[in-house]
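A quick write-up on the structure given underneath.
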Amino acid sequence: MAKKVRVRFAPSPTGGLHLGGVRTVLYNYLFAKKNGGDFVLRIEDTDQNRYVAGAEQYIFDCLQWAGLEPDESPIHGGPYGPYRQSERKDLYRQYADKLIKDGHAYYAFDTPEELEKMRHDFKNETNPSPQYDHSVRMKMRNSLTIPGEEVKKLLEEKTRFVIRIKMPENDTVSFTDMIRGDVSFDTSVVDDKVLLKADGMPTYHLAVVVDDYLMKITHAFRGEEWLSSAPVHILLWKYLFGYEHMPAWAHLPLILGPSGKLSKRDGAKYGYPVFAMTWNDPKTGEITEGFREKGFLPEAFINLLALLGWNDGTEQEIFSKEELIEKFSIERVHSGGAKFDYEKAKWFNHEWIKRSDVQSLKYEVRKQLSRDGDMAIDDAFLEKVIALVKDRCTLLTDFYDQSIFLFKAPGQYDLDAIKPKWSAAKAAFFEDYCNELQNITGWNTETLETKFKELAAQKNIKAGELQLPFRIMLVGGKFGPGVFAIAEVLGKEETIRRIKHIFRFLNS
Ligand code: GLU
């Protein structure tokens, strides 16, 4: 029987969740759902120095907003918990000890000053930033260079130590990446990474391998930035578990901004979001606006992320989550960097707003309209408004500008656009139109338009010349959907009231 697919997203809770992070979640999620598997969220919080309060909750909230909820996580629970590495601290040590026993790792007692001295002494033109590796390890203070008895004593005296992997020299580590194919690394260029820190916490390298093993992860999909760590992980899989159920690997392509890897700075520089939701950095007080707050629908957000590095081989661009689950395949993810284009991202959102039904937009639009304070909004009226303006909204935030005039009379009117061509004949037209509207039967777009045109013809005025003043009377400016459709939604009383209100200014 084939093994049940189990994938994981393993973020370190250090800040806002970047586009690339959510795309990693998405690809994991799609793969799990497509294969009837489990999607695990594991919080990799072993680096206490980088811990940021609120970042974990923020990750949960982002996943919930994007509709990518895990099956197992610190809050959902599950059979392989705990799902927070800090709560698993005690189980990693035995694996580090096994590595030492088998000669694949060693205790290192070097002080920060000694490490600094090493970096200074070994620095030269060909080696500008020396690493703790095979070329220096025998000149340092560790259990490879200190006699066994002394090591025992140092440990008994509780001297501070870390445990480092002993990277083999002149060896090749190879694996098959589901996206990149066969990848090989020369082990000589990889340093002896710390596996267990002086505070007893594992580093990411040890914890990720142990947890992927214990949590029975079958596929590890992560960002390309982790590719250089892969040889360490593969060796740990070999040394600790003899490759027993090692996951299949895939390193997802970078997301590129205008100048290389998309960064938070690009967002600030070019005025677009790079985080899923607004991130309020408790350390710096800096607030970085997210896609959600910018007015993106989660459906659009995951659609645009799915296509940052993947396509289904056709020209299709709009995919629902269900379609993505059906069509996604990791082999179709390309290895080259995926260029992020904010204009294209907005296009996806516009398409999704157009496709969304009125009911599903109500909650968000209400929120947008209450921007200046709570407003009593009749439900049936709101539905009409959304149906009227949604095709004109690229972002959810556009609903405010596109429709607030339907709830409140405009605060300003672009009278300058009408005044130069205003005439007594036009004034008479609107007066008569108001009278007709008073008695009209069937208050709808077509009748309003027919009456308008008939009256214009009777009065020998071009209907086109009357439509702009009419629009400005109802809307305040030269924008918005069809003016008769606006009048239909505004209703008889309000339409007549607005026409008469403007009259006062034009005829004075
Ligand atoms: N903790 C790593 C991160 O912060 C996870 C990398 C991996 O998936 O192996 O992204």
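As a summary of the residue check, Leu227 satisfies the conditions (1) away from the ligand (no atom under 11 Å from the Cβ); (2) not in a loop (DSSP other than H, G, I, E, B) except for the one numbered (1). Could you check, for the range 277-290, whether at least one of its residues is crowded, with 16+ Cβ neighbours inside 10 Å, of a type outside the set (A, V, I, L, M, F, W, C) and within 16 Å of the ligand (Cβ to nearest atom)? Scanning the range 277-290, I find no residue that is crowded, with 16+ Cβ neighbours inside 10 Å, of a type outside the set (A, V, I, L, M, F, W, C) and within 16 Å of the ligand (Cβ to nearest atom), so the answer is no. In the range 184-193, the qualifying residues are those that are of a type in the set (Val, Ile, Thr) and buried (at least 17 other Cβ atoms within 10 Å of the Cβ), and the one that is nearest to the chain's Cα centre (by Cα) is Val190. Checked against the criteria, Pro74 does not count as more than 16 Å from the ligand (Cβ to nearest atom) and surrounded by fewer than 22 Cβ atoms within 10 Å (Cβ to Cβ). Please name all residue pairs, on different chains or six or more residues apart, with Cβ atoms under 6 Å, provided the first residue is in the range 95-114 and is under 20 Å from Thr159 (Cα atoms) and modelled with pLDDT of 95 or more and the second residue is surrounded by 20 or more Cβ atoms within 10 Å (Cβ to Cβ) and aromatic (Phe, Trp, Tyr). Pairs that qualify, where the first residue is under 20 Å from Thr159 (Cα atoms) and modelled with pLDDT of 95 or more and the partner is surrounded by 20 or more Cβ atoms within 10 Å (Cβ to Cβ) and aromatic (Phe, Trp, Tyr), are Tyr107/Phe161; Phe109/Phe161.
When you look at Pro70, is it touching a Gly at 6+ places or on another chain (Cβ under 9 Å) and either among the charged types (D, E, K, R) or part of a loop (DSSP other than H, G, I, E, B) (or both), yes or no?
Answer is yes for this residue.
Of note, Glu322 satisfies the criterion of being farther than 16 Å from Arg23 by Cβ and either of a type in the set (Asp, Glu) or surrounded by 14 or more Cβ atoms within 10 Å (Cβ to Cβ) (or both).
Tell me whether the range 129-150 contains one or more residues that are among the hydrophobic types (A, V, I, L, M, F, W, C), outside any strand (DSSP E or B) and either within 16 Å of the ligand (Cβ to nearest atom) or under 24 Å from Pro247 (Cβ atoms) (or both). Among the residues of the range 129-150, not one is among the hydrophobic types (A, V, I, L, M, F, W, C), outside any strand (DSSP E or B) and either within 16 Å of the ligand (Cβ to nearest atom) or under 24 Å from Pro247 (Cβ atoms) (or both), which makes the answer no. Close Cβ contacts (under 9 Å, 6 or more residues apart or on different chains) running from residues in the range 190-209 that are on the phi > 0 side of the Ramachandran plot to residues that are more than 12 Å from the ligand (Cβ to nearest atom) comprise Gly200/Lys89; Gly200/Asp90; Gly200/Tyr92; Gly200/Arg93. Kindly establish whether Asp312 is more than 27 Å from Leu19 (Cβ to Cβ) and out of contact with any Pro (no Cβ under 7 Å at 6 or more places or on another chain). Considered against the rule, which asks whether it is more than 27 Å from Leu19 (Cβ to Cβ) and out of contact with any Pro (no Cβ under 7 Å at 6 or more places or on another chain), Asp312 comes out as no. For the range 231-264, taking the residues that are basic (Lys, Arg) and in contact with a Gly (Cβ under 9 Å, 6 or more places away or on another chain), the one that is surrounded by the fewest Cβ atoms within 10 Å (Cβ to Cβ) is identified as Lys261.
Note on the range 152-170: residues that are more than 40 Å from the chain's Cα centre (by Cα) and closer than 10 Å to Tyr107 by Cβ amount to 3. A search for C-beta distances below 7 Å between a residue of the range 1-29 that is within 23 Å of Gly257 (Cα to Cα) and among the β-branched types (Val, Ile, Thr) and any residue that is within 14 Å of the ligand (Cβ to nearest atom) and assigned to a loop (DSSP other than H, G, I, E, B), counting only pairs 6+ apart in sequence or on different chains, returns Thr14/Val52.
Here is a yes/no grid of residues against (1) surrounded by fewer than 16 Cβ atoms within 10 Å (Cβ to Cβ); (2) assigned to a helix (DSSP H, G or I); (3) aliphatic (A, V, I, L, M); (4) at negative phi:
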residue	(1), (2), (3), (4)
Phe405	no, yes, no, yes
Gly411	yes, no, no, yes
Phe429	no, yes, no, yes
Trp443	yes, no, no, yes
Thr450	yes, yes, no, yes
Leu455	no, yes, yes, yes
Ala487	no, yes, yes, yes
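Being within 11 Å of the ligand (Cβ to nearest atom) and either out of contact with any helix residue (DSSP H, G or I) (no Cβ under 7 Å at 6 or more places or on another chain) or not small (Gly, Ala, Ser) (or both) is the filter; apply it to the range 201-218 and report the residue that is nearest to Ala32 (Cα to Cα). The residue in question is Ile217. Annotation: Phe221 fulfils all but one of (1) in contact with a strand residue (DSSP E or B) (Cβ under 8 Å, 6 or more places away or on another chain); (2) without any contact (Cβ under 8 Å) to a residue 40 or more places away in the chain; (3) within 16 Å of the ligand (Cβ to nearest atom); the unmet one is (2). Of all residues in the range 194-223, those satisfying the criterion of being touching a His at 6+ places or on another chain (Cβ under 9 Å) and buried (at least 20 other Cβ atoms within 10 Å of the Cβ) are Leu195, Val208, Val209, Asp212, Ile217, Thr218, Ala220, Phe221, Arg222. For the range 462-485, the set of residues classified as in a loop (DSSP other than H, G, I, E, B) and either within 23 Å of Tyr400 (Cβ to Cβ) or among the hydrophobic types (A, V, I, L, M, F, W, C) (or both) consists of Gly476, Gly477, Lys478, Phe479, Gly480, Pro481, Gly482, listed by residue number.
The residue that is farthest from the ligand (Cβ to nearest atom), counting only those in the range 6-55 that are assigned to a helix (DSSP H, G or I), among the small types (Gly, Ala, Ser) and farther than 15 Å from Trp310 by Cα, is Ala32. Can you spot a residue in the range 338-361 that is β-branched (Val, Ile, Thr), under 21 Å from the mean Cα position of the chain (by Cα) and more than 20 Å from Glu289 (Cα to Cα)? The answer is yes; a qualifying residue exists.
Rundown of residues vs (1) in contact with a Pro (Cβ under 8 Å, 6 or more places away or on another chain); (2) on the phi < 0 side of the Ramachandran plot; (3) surrounded by 11 or more Cβ atoms within 10 Å (Cβ to Cβ), yes/no style:
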{"position": "Pro112", "(1), (2), (3)": "no, yes, no"}
{"position": "Met118", "(1), (2), (3)": "yes, yes, yes"}
{"position": "Phe122", "(1), (2), (3)": "yes, yes, yes"}
{"position": "Thr126", "(1), (2), (3)": "no, yes, no"}
{"position": "Asn142", "(1), (2), (3)": "no, yes, yes"}
{"position": "Thr145", "(1), (2), (3)": "no, yes, yes"}
{"position": "Pro168", "(1), (2), (3)": "no, yes, yes"}
{"position": "Ile179", "(1), (2), (3)": "yes, yes, yes"}
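The set of residues in the range 230-276 that are assigned to a helix (DSSP H, G or I) and modelled with pLDDT of 95 or more comprises Ala230, Pro231, Val232, His233, Ile234, Leu235, Leu236, Trp237, Lys238, Tyr239, Leu240, Phe241.
The values are calculated or read from the model by the stated rules, or taken from the named source; none is laboratory data. Quick caveat: nothing in here was measured; it's all calculated off a predicted structure. When we count neighbours, we look across all protein chains shown, and the Cβ atoms used for this are built from the backbone with ideal geometry, even at glycine.
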